[in-house]
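The values are calculated or read from the model by the stated rules, or taken from the named source; none is laboratory data. Remember, predicted model here, so these are calculated numbers, not experimental data. FYI the Cβ positions are ideal-geometry reconstructions off the backbone, even for glycines, and counts take in every protein chain you see.
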């Protein structure tokens, strides 16, 4: 919050130094690209499912085999599992790669 | 913190509760069976006593505003993940979704998927940045580089709107549940919930709220696991056998109701695919957006990210939370179908007209009786009650922090309030919020719980979510842009919901709702994003220049955490 930062000048210098650091730029670019890719993947999976419900509900109601279990059941549960898996993928990458880069950056900029 | 007020409140709760149970017992023969359910009463009392004990312990640890709002920032990622799950798996999820599946089958799964898929989005776009920028409320983040007063006022307004609608849903669920369990009048049930949540939040702040949520999450997951296991065990762990039996029972019910054999068979099989819940494509997409993006804009959920020490723990908490919540929704799906097979054709659980005893939301509760008798009914009822308490405590804390941190400390005192005064304002706010929740809970007795929750999600998706995303990710965003855009989103979501069939026709009793779709979000959220963009672009004020110039510093802190508020600030 701006009113808490009494040392505006020091902070501003700090910000410039970090912004100019190409490791910072690389980290931010890579991380945000990765985040957006996963976001888009999640949106495609979920809204693909919703659009199927909206336009072709009979496909979801179709039985899988000779029984009553419909295609919609593995698909619906699959959306839930996909959400958990994508979350795990992000956390794994962040723990392994992004945190290592971030630690180096933080150390050099005295945080 | 003196100790006697807790004891006094506990006594008031007991004084309110016990004679009323006896009175209800004497007055109505119909609820006799439930009132004599001692395992349920014992479980319920044990939970209340345990949580009040925790509150008493927590009260000694709440010394500063930071302790009150965020438990001093000392919660681990694993604990916070469970607490988030405890905060999020509401009565609407447990009772509402299993009831939806009980009634319409597959449609309930559409709710579940929507409730889950917001979590990855919250992680990929917001969670770590939130932790790095904020201290107590999401408004800290939304207003980081902007003029404080207008952004804080918007955030407080939208927080209170979301919290109130969500609270009403929880209160209605609590009232129905306790009415069924104890034969207690609805009003008394709502009063007890209001008194207990006031007690937890007022004395124990975030410490007590977190532990109530963790305990509740463990109990709820344990119970739901057992119920799903018992259902599957009855069908030799064959989902197909479970679904086949459910279809057979639904077919039988349709035949009894007078359908021809073909119609009845079609009706029975209809529970295996999407049904009448989604009327048109636009409503489907709009509703999906509300659930997905609403999750990432719920103030009481966002607040939980400030209870962990750093961005890494914030990230871990989302993974834990998503895992537990996803597992829970898979369980509710099994529980809902289990309820069809055990409850739907059993006259013990039905009224003479074929509807469920105690109302539509009681499918999971009746299933508990069918599986484990009165003892398990008692356990599940106590758990469902704990569920509601944990959620309302989180909501109340979030509402109180909007008033004390965003309005009082940031707007009235221009950020100069001392911690003790801020804490005092929070504590005055808690009973006021509880009173409003009680009054509205009574007023909205007949509403569908799940519908009220989806309204809260639509508001969060149309206000908080666009404001957070734009202020965090777009350098050109200005104070005027987020405030105008945020208000447009929230107002539009509210107005369109009132004009939609769910309120215009079902509540107000008019005909031909002017807004024909079931969710406003596709319009209101889009309008919010567009307005923020247009107004920010057109904003040539001096403040706008300051806002844009502040972006690099905000971004450095959001991305690296350098300069972020740490775990021990007091």
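Inspection of the range B:461-475 identifies no residue that is surrounded by fewer than 19 Cβ atoms within 10 Å (Cβ to Cβ), more than 14 Å from every other protein chain (Cβ to nearest Cβ) and either closer than 26 Å to residue B:285 by Cβ or out of contact with any strand residue (DSSP E or B) (no Cβ under 8 Å at 6 or more places or on another chain) (or both).
Name the residues in the range A:41-56 that are over 24 Å from the mean Cα position of the chain (by Cα), surrounded by fewer than 17 Cβ atoms within 10 Å (Cβ to Cβ) and facing chain B (nearest Cβ under 9 Å), would you? A:55, the sole residue that qualifies. The lone criterion from (1) within 25 Å of residue B:83 (Cβ to Cβ); (2) buried (at least 24 other Cβ atoms within 10 Å of the Cβ) left unmet by residue B:436 is number (2). For the range B:330-372, the tally of residues that are part of a helix (DSSP H, G or I) and in contact with a helix residue (DSSP H, G or I) (Cβ under 9 Å, 6 or more places away or on another chain) stands at 29. Examine the range B:267-279 for a residue that is assigned to a helix (DSSP H, G or I), at the interface with chain A (Cβ under 8 Å from one of its Cβ atoms), touching a residue at least 24 places away in the same chain (Cβ under 8 Å) and crowded, with 22+ Cβ neighbours inside 10 Å, and state whether such a residue exists. Yes, because at least one residue in the range B:267-279 is assigned to a helix (DSSP H, G or I), at the interface with chain A (Cβ under 8 Å from one of its Cβ atoms), touching a residue at least 24 places away in the same chain (Cβ under 8 Å) and crowded, with 22+ Cβ neighbours inside 10 Å.
In the set (1) more than 27 Å from residue A:90 (Cβ to Cβ); (2) away from every other protein chain (no Cβ under 13 Å); (3) modelled with pLDDT of 95 or more, the condition left unmet by residue B:337 is number (2). If the condition is being facing another protein chain (nearest Cβ under 7 Å), farther than 30 Å from residue B:246 by Cβ and surrounded by 24 or more Cβ atoms within 10 Å (Cβ to Cβ), then the range B:97-135 contributes B:120, B:121, B:123, B:124. Screening residue B:144 against (1) touching a residue at least 40 places away in the same chain (Cβ under 8 Å); (2) at the interface with another protein chain (Cβ under 10 Å from one of its Cβ atoms); (3) assigned to a helix (DSSP H, G or I) leaves a single unmet condition, (3). Is one or more of the residues making up the range B:356-379 over 30 Å from residue B:258 (Cβ atoms), surrounded by 24 or more Cβ atoms within 10 Å (Cβ to Cβ) and at pLDDT 90 or above? Yes: the range B:356-379 contains one or more residues that are over 30 Å from residue B:258 (Cβ atoms), surrounded by 24 or more Cβ atoms within 10 Å (Cβ to Cβ) and at pLDDT 90 or above. Give me the residue from the range B:230-256 that is in contact (Cβ under 8 Å) with a residue 40 or more places away in the chain and within 19 Å of residue B:355 (Cβ to Cβ) and, out of that set, nearest to the other protein chains (Cβ to nearest Cβ). Among those that are in contact (Cβ under 8 Å) with a residue 40 or more places away in the chain and within 19 Å of residue B:355 (Cβ to Cβ), it is B:246.
Only one of the numbered conditions (1) more than 14 Å from every other protein chain (Cβ to nearest Cβ); (2) over 22 Å from residue B:462 (Cα atoms); (3) touching a helix residue (DSSP H, G or I) at 6+ places or on another chain (Cβ under 6 Å) is not met by residue B:556, and that is (1). The single condition among (1) at pLDDT below 95; (2) in contact with a helix residue (DSSP H, G or I) (Cβ under 8 Å, 6 or more places away or on another chain); (3) closer than 30 Å to residue B:267 by Cα; (4) more than 7 Å from chain B (Cβ to nearest Cβ) that residue A:26 does not satisfy is (3). Being more than 8 Å from chain B (Cβ to nearest Cβ) and over 15 Å from the mean Cα position of the chain (by Cα) is the filter; apply it to the range A:63-95 and report the residue that is farthest from residue B:126 (Cα to Cα). Per the stated criteria, the residue is A:66. Against the criterion of being buried (at least 23 other Cβ atoms within 10 Å of the Cβ) and either at pLDDT 90 or above or in a helix (DSSP H, G or I) (or both), residue B:41 does not qualify. Could you please let me know if residue B:498 is more than 23 Å from residue B:200 (Cα to Cα) and out of contact with any helix residue (DSSP H, G or I) (no Cβ under 6 Å at 6 or more places or on another chain)? In short, yes. Taking the criterion of being farther than 11 Å from residue B:307 by Cβ and surrounded by fewer than 20 Cβ atoms within 10 Å (Cβ to Cβ), the residues of the range B:55-75 that qualify are B:56, B:57, B:60, B:61, B:63, B:64. Please determine whether any residue of the range B:477-495 is farther than 21 Å from residue B:293 by Cβ and more than 14 Å from every other protein chain (Cβ to nearest Cβ). Yes, the conditions are met somewhere in the range B:477-495.
Within the range A:99-111, the set of residues being facing chain B (nearest Cβ under 9 Å) and part of a helix (DSSP H, G or I) comprises A:99, A:102, A:105, A:106.
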